[in-house]
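Enquirer: Handing you this structure, nothing more for now.
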Amino acid sequence: MYQIPRAEWYDLTRATNWTYSYVTEDEMFPEEMSGSRGIPIEEWETYDEPYKVSYPEYVAIQREKDAGAYSVKAALERDAYVDRADPGWISTMIAHYGAIAVNEYAASLAEARMARFSKAPGNRNMATFGTLDENRHGQIQLFFPHANIKRSHQWDWAHKAMHTNDWAAIAARSFFDDIMLSRDAIAVSIMLTFGFETGFTNMQFLGLAADASEAGDHTFASLISSVQTDEARHAQQGGPSLKILIANGHKEEAQKLIDVSIWRAWKLFSVLTGPIMDYYTPLEHRSQSFKEFMVEWIIIQFERQLADLGLDAPWFWEDLTNDLDVTHHGMHLGVWYWRPTVWWNPAAGASPEDREWLEEKYPGWNKTWGKCWDVITDNLNNGREDLTLPETLPYVCNMSQLPIVGTPGNEWNVQDFPLEFEGRLYHFGSKADRWCFEQDPERYKEHQSLIDRFLSGQIQPADLPGALAYMGLGPGEMGKDAHDYAWAAAFKKQAEVA
Amino acid sequence: MAAFPINSNFQGDFVMQLVPVDTDDTMDQVAEKCAYHSVNRRVAPQPDKVMRVRLHNASESFPRDMKVSDANWRPTETLDIIFADQ
């Protein structure tokens, strides 16, 4: 049977809206869900997605992707890579799955919001595929780790993490709920797909795929590459929305949506991806430093894309660039020190060789971060593990929900950015975190951080064991040092030889 | 006397921490309670120095014998704990 080439019918069908007779346009597309911002529907019909695909094409491609990833998994299962992989790499996978898998399902709901409520037919079409994409990502990233539950209960946190009050889960939900689940369709297309997926998802998935290949983990590499090809497609939904907003006098709001999304994504990835790339991935398998990835995938890429759209780099661009030398080192040290509060085993990444690499990539590391690690290393080598474990909670930011960190040691500079609002004292880890709050206090003011919950008596008993129970961490799940302190012992051996 | 939460920003450390103090504590006692969670954990001790308490980024420290109840702090106030000669 003759098939009309896609190019001949696609533009007509994707721009098709229907004429409703039983309901009004406002009932069909409620503003709080659609977010058309008073722009006429004819304008939304000009939405021109850059990536065009028909449903049969989509199904054929996705089938091939799934078959590829699942067959690599099946073929390598007997190889039992997980049993011989470096513990730091195992931690990378367990942290990744817990932070990402269930949020993929949440992303499916966000895509479905665009698929139903966007006034742009092209957006609805792409988002329909996006909904299916994210559903697939949730399933595949739950199925793969599930095979390892027999090895450790920590793998079960792929599913469990986002259903707990673990601090990392609170931080991830706070961000994803903000940009995906509590915004109108157009804001979702900008904050989720443009602000988050074009840069940060790329970095997490492409960066990790590179490190996984280097580490010999071909199952994980094929899985996340398979996910990334979907992301690269549906991440393109935000660009056309931005063009329409800008052309219709909403440039300022478009810029704000992008700025909030990029800042909040940066903070989350400073605790998720930063430690993985610079500390957990075994030294010999690190392809680039986190900072190098950030500069290539976030700084340069966003500058170019924003300029193409006629938008500015976010006002905090210089702060973000400077933070590439600071924030993730603090997040890593915090996660390691408070290791009983996470569902993976943090790798310290602070052996003599690691520290040499860190000093090379981040000049000055030894006289700042190294000062803290010196005290920790001495304690471990003098039988004082107790001093390397926490007895209180770190103070967390009321926007990122992450610890307020800064440069330690000789160049000590840890800053709080407080705000008293309606009689409540809020604490923020940066000027930009506080700025996000100030853009929409009604949205954020009721949220209680882990510290707020602790102080209001929601965590009982009101001590660290009580907090661990509140976070849902049971025996065999709480994190411990990934390498059983072998990295610290290396300093002792070095001293003995000398 | 009553428990009073503060946000401890200890010189040389990398993170702010929740520290419960008491309204009857002097500034020296506040500094000691904050030091417990930083010094010898991630910050090397400085035995020849004293520890002083000041409001975050303030230039002046509180008198060492001043009580928390007299300092007019808000709950969860951010305080810098710094090493000083006296």
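The values are calculated or read from the model by the stated rules, or taken from the named source; none is laboratory data. Note that the coordinates shown come from a computational prediction; the quantities given were computed from them, not determined experimentally. All Cβ positions, glycine included, derive from the backbone under ideal geometry; neighbour counts span all protein chains shown.
Enquirer: Residue by residue through region A:334-361, note down the ones that are under 17 Å from A:Thr281 (Cβ atoms) and either within 14 Å of chain B (Cβ to nearest Cβ) or without any contact (Cβ under 8 Å) to a residue 24 or more places away in the chain (or both).
Expert: Hits for region A:334-361 are A:Val335, A:Trp336, A:Ala348, A:Ala350, A:Arg355, A:Glu356, A:Glu360.
Enquirer: Determine if region A:285-301 includes at least one residue that is of a type in the set (Lys, Arg) and under 17 Å from the mean Cα position of the chain (by Cα).
Expert: There is at least one residue in region A:285-301 that is of a type in the set (Lys, Arg) and under 17 Å from the mean Cα position of the chain (by Cα).
Enquirer: Right, next: Those residues that are within 20 Å of the chain's Cα centre (by Cα) and more than 8 Å from chain B (Cβ to nearest Cβ), I need them from region A:399-411; list them, please.
Expert: To start, the set of residues in region A:399-411 that are within 20 Å of the chain's Cα centre (by Cα) comprises A:399-405.
Answer for region A:399-411, where residues must be within 20 Å of the chain's Cα centre (by Cα) and more than 8 Å from chain B (Cβ to nearest Cβ): A:Met399, A:Ser400, A:Gln401, A:Leu402.
Enquirer: Just the residues that are part of a loop (DSSP other than H, G, I, E, B) and either touching a strand residue (DSSP E or B) at 6+ places or on another chain (Cβ under 7 Å) or crowded, with 16+ Cβ neighbours inside 10 Å (or both), please, taken from region A:353-367. Give the derivation first.
Expert: Of all residues in region A:353-367, those part of a loop (DSSP other than H, G, I, E, B) come to A:362-367.
Listed by number, the residues that qualify are A:Tyr362, A:Trp365, A:Asn366.
Enquirer: Let me ask something additional. Just checking, does region A:90-109 include any residue being assigned to a helix (DSSP H, G or I), touching a Ser or Thr at 6+ places or on another chain (Cβ under 7 Å) and crowded, with 24+ Cβ neighbours inside 10 Å?
Expert: Yes.
Enquirer: Can I ask one more? Mind checking whether some residue in region A:258-273 is outside any helix (DSSP H, G or I) and under 30 Å from A:Arg84 (Cα atoms)?
Expert: No, region A:258-273 contains no residue that is outside any helix (DSSP H, G or I) and under 30 Å from A:Arg84 (Cα atoms).
Enquirer: Contact list please: Cβ distance under 7 Å, first residue in region A:11-28 and of a type in the set (D, E, K, R), second residue surrounded by fewer than 10 Cβ atoms within 10 Å (Cβ to Cβ), pairs at least six apart or on different chains.
Expert: Pairs that qualify, where the first residue is of a type in the set (D, E, K, R) and the partner is surrounded by fewer than 10 Cβ atoms within 10 Å (Cβ to Cβ): there are none.
Enquirer: Looking at A:His427, A:His447, A:His483, which one is at negative phi, under 28 Å from the mean Cα position of the chain (by Cα), without any contact (Cβ under 8 Å) to a residue 40 or more places away in the chain and surrounded by 14 or more Cβ atoms within 10 Å (Cβ to Cβ)? Step through it out loud before you land on a result.
Expert: Working: A:His447 fails: without any contact (Cβ under 8 Å) to a residue 40 or more places away in the chain; A:His483 fails: without any contact (Cβ under 8 Å) to a residue 40 or more places away in the chain.
So the residue among A:His427, A:His447, A:His483 that is at negative phi, under 28 Å from the mean Cα position of the chain (by Cα), without any contact (Cβ under 8 Å) to a residue 40 or more places away in the chain and surrounded by 14 or more Cβ atoms within 10 Å (Cβ to Cβ) is A:His427.
Enquirer: Right, another one. Which pairs do you get when a residue that is closer than 24 Å to A:Ala486 by Cα, found in region A:77-89, comes within reach of a residue that is charged (D, E, K, R) and part of a helix (DSSP H, G or I), reach meaning Cβ atoms under 7 angstrom, with the pair 6+ apart or on two chains?
Expert: Here the result reads none, with nothing in region A:77-89 linked to a residue that is charged (D, E, K, R) and part of a helix (DSSP H, G or I).
Enquirer: Can you go through A:Gly383, A:Gly457, A:Gly466 and tell me which one is more than 14 Å from B:Arg42 (Cα to Cα) and within 13 Å of another protein chain (Cβ to nearest Cβ)?
Expert: Only one candidate passes the filter, namely A:Gly457.
Enquirer: Which residue pairs have Cβ atoms under 8 Å apart, sit 6 or more places apart or on different chains, and have a first residue in region B:38-56 that is more than 14 Å from chain A (Cβ to nearest Cβ) and a second that is in a loop (DSSP other than H, G, I, E, B) and not charged (D, E, K, R)?
Expert: B:Val50/B:Gln86; B:Arg52/B:Ser61; B:Arg52/B:Phe62; B:Val53/B:Ser61; B:Val53/B:Phe62
Enquirer: Take the residues of region A:330-347 that are hydrophobic (A, V, I, L, M, F, W, C) and part of a helix (DSSP H, G or I): which is surrounded by the fewest Cβ atoms within 10 Å (Cβ to Cβ)?
Expert: So the first thing to find is which residues in region A:330-347 are hydrophobic (A, V, I, L, M, F, W, C), and the list is A:331, A:333, A:335-336, A:338, A:342-344, A:347.
Still in the list and also part of a helix (DSSP H, G or I): A:331, A:333, A:335-336.
Working: A:Met331: 25, A:Leu333: 26, A:Val335: 26, A:Trp336: 23.
Filtering first and then ranking leaves A:Trp336.
Enquirer: Let me ask something else. What number of residues within region B:57-83 satisfy the criterion of being over 23 Å from A:Ile451 (Cβ atoms), in contact (Cβ under 8 Å) with a residue 12 or more places away in the chain and exposed (fewer than 14 other Cβ atoms within 10 Å of the Cβ)?
Expert: Looking only at that region, the number is 1.
Enquirer: Out of the residues in region A:302-329 that are small (Gly, Ala, Ser) and not in a helix (DSSP H, G or I), state the one that is farthest from A:Tyr280 (Cα to Cα).
Expert: Out of the qualifying residues, it is A:Gly310.
Enquirer: Out of all the residues in region B:41-86, which are assigned to a loop (DSSP other than H, G, I, E, B) and either touching a helix residue (DSSP H, G or I) at 6+ places or on another chain (Cβ under 6 Å) or aromatic (Phe, Trp, Tyr) (or both)? Explain how you work it out, then say what you get.
Expert: Of the residues in region B:41-86, the ones assigned to a loop (DSSP other than H, G, I, E, B) are B:41-42, B:44-49, B:56-66, B:71-76, B:85-86.
Result: B:Arg41, B:Arg42, B:Ala44, B:Phe62, B:Arg64, B:Met66, B:Trp73.
Enquirer: Also, I was wondering about something else. From A:Val375, A:Val396, A:Val414, which residue is buried (at least 19 other Cβ atoms within 10 Å of the Cβ), among the aliphatic types (A, V, I, L, M), facing chain B (nearest Cβ under 10 Å) and over 20 Å from A:Val271 (Cα atoms)?
Expert: Only one candidate passes the filter, namely A:Val375.
Enquirer: Among (1) within 14 Å of another protein chain (Cβ to nearest Cβ); (2) crowded, with 21+ Cβ neighbours inside 10 Å, which single condition is A:Met471 missing?
Expert: (1)
Enquirer: Which condition number does A:Arg183 fail, the rest of (1) of a type in the set (D, E, K, R); (2) touching a residue at least 12 places away in the same chain (Cβ under 8 Å); (3) assigned to a helix (DSSP H, G or I) being met?
Expert: So the condition that A:Arg183 fails would be (3).
Enquirer: Only one residue in A:Asn165, A:Asn148, A:Asn135 is outside any helix (DSSP H, G or I) and within 18 Å of A:Ala69 (Cα to Cα), so which one is that?
Expert: Only one candidate qualifies: A:Asn148.
Enquirer: Scanning for something in contact with a Ser or Thr (Cβ under 6 Å, 6 or more places away or on another chain) and more than 14 Å from every other protein chain (Cβ to nearest Cβ), does region B:21-31 turn up at least one residue?
Expert: Step one: list which residues in region B:21-31 are in contact with a Ser or Thr (Cβ under 6 Å, 6 or more places away or on another chain), which gives B:23.
Of the ones still in play, those that are also more than 14 Å from every other protein chain (Cβ to nearest Cβ) are B:23.
Scanning region B:21-31 turns up at least one residue that is in contact with a Ser or Thr (Cβ under 6 Å, 6 or more places away or on another chain) and more than 14 Å from every other protein chain (Cβ to nearest Cβ).
Enquirer: Please enumerate the residues belonging to region A:242-265 that are under 29 Å from A:Gly334 (Cα atoms) and either of a type in the set (Ser, Thr, Tyr) or in contact with a helix residue (DSSP H, G or I) (Cβ under 6 Å, 6 or more places away or on another chain) (or both).
Expert: Matches in region A:242-265: A:Ile258, A:Val260, A:Ser261, A:Ile262, A:Trp263, A:Arg264, A:Ala265.
Enquirer: Can you go through A:Leu306, A:Leu393, A:Leu324, A:Leu389 and tell me which one is free of Cβ contacts under 8 Å to residues at least 60 places away in the same chain and under 24 Å from A:Arg173 (Cα atoms)?
Expert: A:Leu324
Enquirer: So which of A:Pro418, A:Pro461 ends up being at pLDDT below 95 and closer than 25 Å to B:Met16 by Cα?
Expert: A:Pro461
Enquirer: Next question, about the same structure. Condition first: aliphatic (A, V, I, L, M), within 7 Å of another protein chain (Cβ to nearest Cβ) and in contact (Cβ under 8 Å) with a residue 40 or more places away in the chain. Can you find one or more residues in region B:5-16 that meet it?
Expert: yes
Enquirer: Scanning region A:1-31 for residues that are among the aromatic types (Phe, Trp, Tyr) and not in a loop (DSSP other than H, G, I, E, B), which turns out nearest to A:Met114 (Cα to Cα)?
Expert: If we take residues in region A:1-31 being among the aromatic types (Phe, Trp, Tyr) and not in a loop (DSSP other than H, G, I, E, B), then A:Tyr10 is nearest to A:Met114 (Cα to Cα).
Enquirer: Considering only residues that are closer than 27 Å to A:Ala169 by Cβ and among the β-branched types (Val, Ile, Thr), which ones fall in region A:256-303?
Expert: Matches in region A:256-303: A:Ile258, A:Val260, A:Ile262, A:Val271, A:Thr273, A:Ile276, A:Thr281, A:Ile298.
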